[in-house]
Amino acid sequence: MSGKFYFTVDADRDANVPVPGRAAAGSAGGAEPRFSSSVKGAEIILDILDEIGMKAVFFAEGRTAGKGFPGISSHCIGLHGYDHEDFSGMRTGIRFSREEKRSILRAGYEAVSDALGKPVCFRAPYMVYDPEIISMLPEFGIRADSSLYTEGSCGPYRLESGLAEYPVPKSKDSRGKTIAAYLWPMHEGKRGPGDYIRMAAGREFFTLATHTWHMCETCDGKIMDRSYSESNAENLLAVLSGILDSGFRAEVISGSLRTRRAGNGLIRENRSPPS
Ligand SMILES: [Zn+2]
């Protein structure tokens, strides 16, 4: 049986950082956001996806969506806030009221819909899971989320709010070190493609995540030179093709969870979080 592979890409401002006292995130090195690495990185990722004929999920923030990502529209579109807000307020000191959260979602939804197409799923900036935000998503026709990590099976399951959750896995590598299925360390030169291919091996589902800007800028805001950026692109191609070659089938995120056939032949839906 082939596993299902969800490749998810956050299309957000370059090397995003929370800014204390401000709702909008900045970019490493300053409170003013930059977008050029994000746009350029999206093109690099789109070329790789074209090369291997694979569909991905792009979680776009509203402000970034209008900066020029036409190629993303042929993939699955998700929402990632408007200004990369921290909905917990832990990083910025800004707490949003319920109505403020709703306005942010509306602004993000409208900007992403206008620029790229209607978002069908959601990922919270900084992977900050906020139940109030999740409960509002169906108002926008969004029925799937990917803002949680899991150390168990990362098969999609039904949240209490009724949304389908596609968690990002974490596990231990062969040296016993924690590895998350976010490609940060690979883009920073600290892990290789094999770490993620091994992480996926044997799973029924695998959700992998990265950022557009991380194809050409490091998380402390340094622009990669040509050879760094090229080897970074080769690594991403190696991860994606390695996972597909090991028997996974690329899928996109959908709010309609199919019922799963249990071992006893009964059809059931996975309703509880994986343990
Ligand atoms: Zn983000």
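The values are calculated or read from the model by the stated rules, or taken from the named source; none is laboratory data. None of the values given here were measured: they were computed from a predicted structure. Here the Cβ is made from the backbone with ideal geometry for all residues, glycine too, and neighbour counts use every protein chain on show.
Here are a few things to note about the model shown:
- Glu100 being free of Cβ contacts under 8 Å to residues at least 24 places away in the same chain and not in a loop (DSSP other than H, G, I, E, B): yes
- Residues of region 84-97 that are out of contact with any strand residue (DSSP E or B) (no Cβ under 9 Å at 6 or more places or on another chain) and either outside any loop (DSSP other than H, G, I, E, B) or within 16 Å of the ligand (Cβ to nearest atom) (or both): Glu85, Asp86, Phe87, Ser88, Met90, Thr92.
- Residue check for Asp114: of a type outside the set (Ser, Thr, Tyr), farther than 29 Å from Leu240 by Cα, out of contact with any Lys or Arg (no Cβ under 9 Å at 6 or more places or on another chain) and assigned to a helix (DSSP H, G or I): yes
- Comparison of Ile94, Ile48 shows that the only residue that is under 19 Å from the mean Cα position of the chain (by Cα) and at pLDDT 95 or above is Ile48.
- Here Phe35, Phe59 are screened, and the one residue that is modelled with pLDDT of 95 or more, surrounded by 16 or more Cβ atoms within 10 Å (Cβ to Cβ) and either within 29 Å of Pro169 (Cβ to Cβ) or among the aliphatic types (A, V, I, L, M) (or both) is Phe59.
- In region 12-43, the residues that are out of contact with any Phe, Trp or Tyr (no Cβ under 7 Å at 6 or more places or on another chain), within 16 Å of the ligand (Cβ to nearest atom) and not hydrophobic (A, V, I, L, M, F, W, C): Asp12, Asn16, Pro18, Arg22, Gly26, Ser27, Pro33, Arg34
- All positions within region 124-181 that are polar (S, T, N, Q) and assigned to a helix (DSSP H, G or I): Ser135
- Region 63-80, subset farther than 11 Å from Ala42 by Cβ, free of Cβ contacts under 8 Å to residues at least 60 places away in the same chain and not in a helix (DSSP H, G or I), residue farthest from the ligand (Cβ to nearest atom): Gly66
- For region 212-235, filtered to residues that are aliphatic (A, V, I, L, M) and not in a loop (DSSP other than H, G, I, E, B), the residue that is surrounded by the fewest Cβ atoms within 10 Å (Cβ to Cβ) is Ile223.
- Of all residues in region 188-211, exactly one satisfies the criterion of being in contact with a Phe, Trp or Tyr (Cβ under 9 Å, 6 or more places away or on another chain), aliphatic (A, V, I, L, M) and either assigned to a loop (DSSP other than H, G, I, E, B) or farther than 16 Å from Gly247 by Cβ (or both), namely Ala209.
- Residues satisfying the stated conditions in region 44-62, i.e. more than 16 Å from the ligand (Cβ to nearest atom) and acidic (Asp, Glu): Asp47, Asp50, Glu51
- Only one of Ala209, Ala233, Ala238, Ala144 that is touching a residue at least 24 places away in the same chain (Cβ under 8 Å), in contact with a Pro (Cβ under 8 Å, 6 or more places away or on another chain) and within 28 Å of Pro18 (Cα to Cα): Ala144
- Boolean, Phe140 is more than 23 Å from Val252 (Cα to Cα), aromatic (Phe, Trp, Tyr) and over 18 Å from the mean Cα position of the chain (by Cα): no
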